[in-house]
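Notes follow once the structure below has been shown.
The values are calculated or read from the model by the stated rules, or taken from the named source; none is laboratory data. Quick caveat: nothing in here was measured; it's all calculated off a predicted structure. Here Cβ is always computed from backbone atoms with ideal geometry, including for glycine, and neighbour counts include all displayed protein chains.
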Amino acid sequence: MENVYLKTKNKIECNGCTACAYICPKQCIAMKEDNEGFIYPVIDETKCVHCSKCLTVCSNTYKREEKRKIIPFAIINNDKQILSKSTSGGTFYALLADLFSKSNSVCYGAAYDANLEVKHMRAETLEDAMKFMGSKYVRSNICGIYEQVKKDLLEGKNVLFTGTPCMTAGLYTYLKRDADNLLTCNIICHSNPSPKVFSKYIKCLELTKGSKVKSVTFRAKETGWRNATPVIELETGAKFEEDTFAKAFSRTLISRPSCSDCKFIEPYNFADITIGDFWGVEKLTALKDVEDGISLVYANTKKGLDELNKLKGVTKHNLDENLNYLMYNHHTPVKAHRNREKFFNKLDKTKDKDIIKLINNMSKERLFRRILKRLKILK
C-alpha cells in the first residue's frame, strides 16, 4: 500500500477509478478535478477515522490471479446495419442482445450526456444500451457507478459492466468479490484523454462554426473501418471531418498521468472479456474481407468463454493461442508527449477560440517521424 496515491500524492499512481471514495464508511473522500481535467480523491481529514479501507481498495493494488488461459477470437457481426454502427466488429452489440434476452438485466457503459460530456450510465433495455456502442476517446466520469452496480447485483439482476481495464479493476476491488450474475467487458485501451480538453475543443468548434455541436463520432465508418478521423455534426445539420482532438489523443498529449505507468496492459485478464479493433488481421491470419470492421476478442475467464460461445448473429473465428495479436495494437503503457506539461500549463491561459490552434501546435510529431511517415507513403 506504499505506492497508493492517497499516501504519496503522486498522480501517476491514481487512475481515477473512484473505488476509494465510495468505499469510505464516513464519506469523507471527494473526487475533485485538477487543472488538467482529471479527478483525484481528496480526504476531509476532519471526518477521517483512519480505517485504511481507501488504501486497500485502490485498483492499482488489484491482485493479479495466476495467469489464466486466455483464448482469442476474431468476431464479425452478421448484421451489416449493426456492423456499420459499431467501431470494430459489432461484438459488443451481440453481448447486449444476449444480456437483454434475459429478464431482470442491466448494462453499464460510457455514453454522451446532453452536454456532450462522457459519463458512465445505466441502461435497462437493449435500445437504451445502444448508446454505449462506439468509441468515445474521452475519460468517462464513473462517479457513483460502483454503488449502483453493487445494488443491482445484490438484487439479483444480471449485470454487464463495460469500461477500461482500470475501471473494471476498481469495480472488483470495490465489490471485493466476483459474482455469478456479473459479466465484465474491457476495451483494449490506448489511454484516458482529458475531459476538460475535450470540452474546450467542443467550445472552440462551436465558436468557429457558429453552431452548437450535436454529436462527435470518433470512428465513423462512412469512409471505412480504418479511418480514424472523427465526424462532427452541428445542430445546423452540417457534417465535417476534424481530427485535432483525435491526433492529440493518439499522440498522448492529453492522457492521464497514470496511463504512462498503466498496471492493466498485459495480460488482459481483469475482465471476463476484452474487445478491441483487430489491427494487423491480414498479417496475422488468413482473414481478408474485413473492410467493414472486425473485433479482436479475448475470453479471459470461463465465464467469458461461455458467453462468447453462445453469442448469436456473429461469425466467430478461432485464433492461434500462441500468437501475439496485440503486436499491432496497444500493448505497452503510453509514453507522454514531450509537450504534455507545456500544453497543460498553457491550456487555461488560452482563449476558447484558439484551443484547436494550441492543440495542433503542441501535438506535432518530431520532424524525423514526419519524414519517416512520408517516406513510407511514397514507397
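For the stretch 225-317, list the strands (runs of 3 or more DSSP E) that sit wholly inside it and hold at least 3 residues that are out of contact with any Cys (no Cβ under 8 Å at 6 or more places or on another chain), free of Cβ contacts under 8 Å to residues at least 60 places away in the same chain and buried (at least 16 other Cβ atoms within 10 Å of the Cβ); which are they?
It comes to 231-234.
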Practice item. Would you check if residue 129 is assigned by TED's automatic domain parsing to the domain that holds residue 273, in contact with a strand residue (DSSP E or B) (Cβ under 7 Å, 6 or more places away or on another chain) and either within 27 Å of residue 353 (Cβ to Cβ) or not in a loop (DSSP other than H, G, I, E, B) (or both)? Key: yes
Review point. For residues in the stretch 175-206 being in a helix (DSSP H, G or I) and of a type in the set (Lys, Arg), which is nearest to the chain's Cα centre (by Cα)?
Key: 196
Study note, to complete from the structure: When the stretch 214-224 is checked residue by residue, the ones that are among the aliphatic types (A, V, I, L, M) and not in a loop (DSSP other than H, G, I, E, B) are 216
Review point. Is the stretch 328-335 home to any residue that is under 19 Å from the mean Cα position of the chain (by Cα), in a helix (DSSP H, G or I) and at pLDDT below 90?
Key: yes
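So that you can scan it fast, the table gives a plain yes or no per residue for (1) more than 16 Å from the chain's Cα centre (by Cα); (2) in a loop (DSSP other than H, G, I, E, B):
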| site | (1), (2) |
| --- | --- |
| 69 | yes, yes |
| 75 | yes, no |
| 115 | yes, yes |
| 139 | no, yes |
| 168 | no, no |
| 173 | yes, no |
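For every residue, the table says whether it meets (1) in the same structural domain as residue 277 (by TED's automatic domain parsing); (2) in contact with a Phe, Trp or Tyr (Cβ under 6 Å, 6 or more places away or on another chain); (3) of a type outside the set (Phe, Trp, Tyr); (4) closer than 23 Å to residue 277 by Cα.
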| position | (1), (2), (3), (4) |
| --- | --- |
| 135 | yes, yes, yes, yes |
| 142 | yes, no, yes, no |
| 154 | yes, no, yes, no |
| 161 | yes, yes, no, yes |
| 167 | yes, no, yes, yes |
| 177 | yes, no, yes, no |
| 182 | yes, no, yes, no |
Practice item. Could you check how many residues of the stretch 1-16 are touching a residue at least 24 places away in the same chain (Cβ under 8 Å), touching a strand residue (DSSP E or B) at 6+ places or on another chain (Cβ under 9 Å) and part of a loop (DSSP other than H, G, I, E, B)? Key: 2
Practice item. Starting from the stretch 325-342, take each residue that is among the charged types (D, E, K, R) and list its partners that are in a helix (DSSP H, G or I) and surrounded by 12 or more Cβ atoms within 10 Å (Cβ to Cβ), counting only C-beta distances under 9 angstrom and pairs at least six apart or across chains. Key: 335/260; 340/257; 340/362; 342/362
Exercise for review: Would you tally the residues in the stretch 226-240 being modelled with pLDDT of 90 or more and either closer than 16 Å to residue 87 by Cβ or touching a His at 6+ places or on another chain (Cβ under 7 Å) (or both)?
Suggested key: 2
Check your understanding: Within the bounds of the stretch 26-40, is there any residue that is more than 20 Å from the chain's Cα centre (by Cα), surrounded by fewer than 21 Cβ atoms within 10 Å (Cβ to Cβ), of a type in the set (Gly, Ala, Ser) and in a loop (DSSP other than H, G, I, E, B)?
Key -> no
**Study point:** Cβ-Cβ under 8 Å pairs, at least 6 apart or on other chains, the stretch 151-175 side over 18 Å from residue 111 (Cα atoms), far side acidic (Asp, Glu) and not in a strand (DSSP E or B)
**Key:** 172/178
Review point. If we scan the stretch 49-68, do we find a residue that is basic (Lys, Arg), more than 19 Å from residue 164 (Cα to Cα) and in contact (Cβ under 8 Å) with a residue 40 or more places away in the chain?
Key: yes
Exercise for review: Out of 291, 321, report the one residue that is closer than 29 Å to residue 81 by Cβ and charged (D, E, K, R).
Suggested key: 291
